[in-house]
Amino acid sequence: MNVTMSSSPELMDDNVQIVMLVTFKVKPEMRSAFKQVLLDDVINAQQESGCISMTLFEAKDDPNTMFFFERWQDQSALDSHFAQSYTKAVIELANVALTEPMEILYLKDLAPLPVENLQDSAVSPDGVDLIVPFEVKEGMDERFKEQFLNSVKHSRPELGCIAFHIHAVQGNDSQFLLYERWKNQSAFDFHLAQTYTQELFESFSSTLAKPVEDCLVYIRELTLPSA
């Protein structure tokens, strides 16, 4: 399997911030070795000047599925990252360690924040992290975005909210991705109980192509000491 890294399909300006979700489906017998090269990559990448944030996760219900969630200052920073030996080690091992080619989703943040507010903080083993890939019914993308931007406005100020970002998937007008992190289960439960969250969930029956329950992917950070 040959892995090719490419720039975002819609980035016409080299100075645009790049947001990515990279998914790895790992062979069970290769999990330990591949996890190690991913950890080496993310730990080194976090020292690069052009790296805004980069975090490694695994799916809670499938430890052989791993994810990078990344933010880069611009295309030049990402190109520099791809040229590093630790990144090349990931690409090389991916040729034999994965069950299918890695998937790279380039994302557009629909409610962007200043760079200084994008560093995940106060993360602990008690935190609740999830990504939610949405597919929206034809013609419902604007209503979906409007409802979600209202949720973002109210969710981010919650005391237990570490990160809450809704993205459009570049190259596909019907796909969106939510990335959210909460300090603990109580914080997440509080969020779910709020009126604006309930209103968002109620809107999903008309905007989403499948039930939201089928979209939730709970994840665990692998760079935490207990991971």
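Taken together, the values in this text are just the output of simple stated rules run on the coordinates, not laboratory data. Note that the structure is a prediction, hence the values are computed from the model and not measured. Glycine gets a Cβ as well: all are built from the backbone with ideal geometry, and neighbour counts include every protein chain shown.
Using the Cα centre of the chain as origin and beta-carbon charges of +1 (Lys, Arg) and -1 (Asp, Glu), tell me which of V136, L159, L177 is placed farthest towards the positive end of the dipole. Comparing the listed Cα positions along the dipole, L159 ranks first.
In the chain, the DSSP-assigned H stretches of four residues or longer account for a calculated mean residue ellipticity at 222 nm of -10000 deg cm²/dmol, using -39500 (n - 2.57) per stretch and the full residue count as denominator.
Taking only C-alpha pairs under 8 Å that are 6+ residues apart, what is the relative contact order of the chain in percent?
On the way: 409 pairs, mean separation 55.9, N = 227.
This gives 25 percent for the chain.
Extending 7 Å from the Cα toward the beta-carbon at both S174 and K60 defines two label points whose distance is 3.0 nm.
Tell me, what is the Rg over Rh of the chain, with Rh the Kirkwood radius over Cα pairs?
Numbers: Rg = 17.4 Å, Rh = 18.3 Å.
Across the chain, the Cα-based Rg/Rh ratio is 0.95.
For the pair region 143-181 and region 31-74, the centres of their Cα atoms are 21 angstrom apart. Once you have the Kirkwood Rh of region 18-108 from its Cα pairs, apply Stokes-Einstein at 37 °C and 0.692 mPa s and quote D in µm²/s. Roughly 249 µm²/s, to the nearest whole number.
Compared with the direct C-alpha span, the chain from V16 to K153 gains 47.0 nm at full extension, assuming 0.36 nm per residue.
Computed about the Cα centre, the dipole magnitude for the chain is approximately 340 debye when only Lys and Arg (+1) and Asp and Glu (-1) carry charge, each at its Cβ. Between S53 and E142, full extension at 0.36 nm per residue minus the direct alpha carbon distance yields a gain of 29.2 nm.
Volume of the convex hull of region 109-182 (Cα atoms only), normalised per residue: 93 Å³.
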